[in-house]
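Here is the structure we will look at.
The values are calculated or read from the model by the stated rules, or taken from the named source; none is laboratory data. Note that the structure is predicted; figures quoted are calculated from it, not measured. Here the Cβ positions follow ideal geometry from the backbone for every residue, glycine too, while neighbour counts run over all protein chains shown. Ligands, DNA and RNA are stripped out before the accessible areas are found, and what is left, the full protein with its side chains, is counted by its heavy atoms. Shrake-Rupley method; radii C 1.70, N 1.55, O 1.52, S 1.80 Å.
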Amino acid sequence: MTAVVLEQADLAPYNTFGISERAARLLVVESDRQLLAAIDCAGRQDWPLTIIGGGSNLVLGGAVPGLVVVMRSRGRRVLRGSGAEVIIEAEAGENWHALVLFALDLGLWGIENLALIPGTVGAAPVQNIGAYGVELCDTFDSLDALDRESGKIVRFDRCACRFGYRDSLFKQQAGRFVILRVRLRLSRTPKLCVEYAPLRSAWQATGLRRPDARVVAELVCAIRRSKLPDPAVLGNAGSFFKNPVVSAEQAATLRLKWPTMPGYPQADGGEKLPAGWLIEQAGWKGRREGPVGVHAEQALVLVNHGGARGEHVLGLASRIREDVLKQFGVSLEMEPQVLGQR
């Protein structure tokens, strides 16, 4: 099937914030061949090229010039299934949560804590998605990506991806690589990971004595739905800020004033602070500014109440950052990528 280029396309359906901005040209691709043809076309026409997945980690700051390519390649499969370990592979355009369900249907452990995270499989390694004590890198095997500099398809193992907290090589070198497909190394052996307090409490309440990956996934979904708004109802990009990591000394100093401040010790001696808690203490939880606001149930989520533009979202984010810095001396970093220009 030949992909069709749409001109002056509305990007509202392609970003979970629901921000309406125009792409000069938009193309949905469903295969490597179509992707390569789109990249070649953009190069010949000297168009700027932007590639997106599910649009769950974007803030549109204005119209997007050139060509916007939406990855919609499909396919998931078991590559190796003998023994305790199983390697599964999925195309970049696959829905991430659908892949979690695929793994559960196969009786596999490893990504059940990452259930209901929005976005595509191809975007997951870029952000090194994580939730409830588990990160993508924990089960990552390898991926194939197109190197736009060399034009070659390159295979990356875990080490080569340079995974960090909500970080990777693909974020550090944004625009150079296009992820085509991802492989995960999952397990047939149960490994319960319910250290995070809300999930641990929910698990204990079940009364189950034997580990069950599907139950864990269902509990994660219930917790997420209770705290995070459905983008189809209230536009948002999930967690808007990273949880900041501060030194142990700074954390101790902050607790002199806020003794109940939660924190999570890190391997390097630092401490990760919940950004949502900091934002709530700064008085922003549930506040609204015109078409945008901070979610009433989760201060880490900025929402579009209807008709918001990128400048509304970014302006709100800036004011939140200023207040948190002033009150705690802690700088918050945005998670979403900003696209487009006025």
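Is it true that residue 181 is among the basic types (Lys, Arg), more than 27 Å from residue 300 (Cβ to Cβ) and touching a strand residue (DSSP E or B) at 6+ places or on another chain (Cβ under 6 Å)?
yes
Just give me the residues in the stretch 216-244 being β-branched (Val, Ile, Thr) and not in a helix (DSSP H, G or I), in sequence order.
Within the stretch 216-244, just 233 meets the criteria.
When the residues of the stretch 89-103 are narrowed to those that are open to solvent by 20 Å² or more (accessible area, probe 1.4 Å) and either touching a helix residue (DSSP H, G or I) at 6+ places or on another chain (Cβ under 6 Å) or of a type in the set (A, V, I, L, M, F, W, C) (or both), which ends up nearest to residue 53 (Cα to Cα)?
Ranking the qualifying residues of the stretch 89-103, first place goes to 98.
Residue 86 - would you say it is closer than 27 Å to residue 236 by Cβ and open to solvent by less than 10 Å² (accessible area, probe 1.4 Å)?
No.
Anything in the stretch 97-127 that is touching a Ser or Thr at 6+ places or on another chain (Cβ under 6 Å) and aromatic (Phe, Trp, Tyr)? List them, or say none.
Result: 109, single match.
What residue, among those in the stretch 273-305 that are touching a residue at least 60 places away in the same chain (Cβ under 8 Å) and open to solvent by 50 Å² or more (accessible area, probe 1.4 Å), is nearest to residue 233 (Cα to Cα)?
305
Which is closer than 26 Å to residue 123 by Cβ, surrounded by fewer than 18 Cβ atoms within 10 Å (Cβ to Cβ) and either touching a Ser or Thr at 6+ places or on another chain (Cβ under 7 Å) or hydroxyl-bearing (Ser, Thr, Tyr) (or both), of 318, 239?
Matching residue, one of 318, 239: 318.
Check 252, 222, 267, 205 and return the single one that is surrounded by fewer than 17 Cβ atoms within 10 Å (Cβ to Cβ) and modelled with pLDDT under 95.
Being surrounded by fewer than 17 Cβ atoms within 10 Å (Cβ to Cβ) and modelled with pLDDT under 95 holds for just one of 252, 222, 267, 205, which is 267.
Where residues in the stretch 119-167 are among the small types (Gly, Ala, Ser) and touching a Gly at 6+ places or on another chain (Cβ under 6 Å), which of them is most open to solvent (accessible area, probe 1.4 Å)?
If we take residues in the stretch 119-167 being among the small types (Gly, Ala, Ser) and touching a Gly at 6+ places or on another chain (Cβ under 6 Å), then 123 is most open to solvent (accessible area, probe 1.4 Å).
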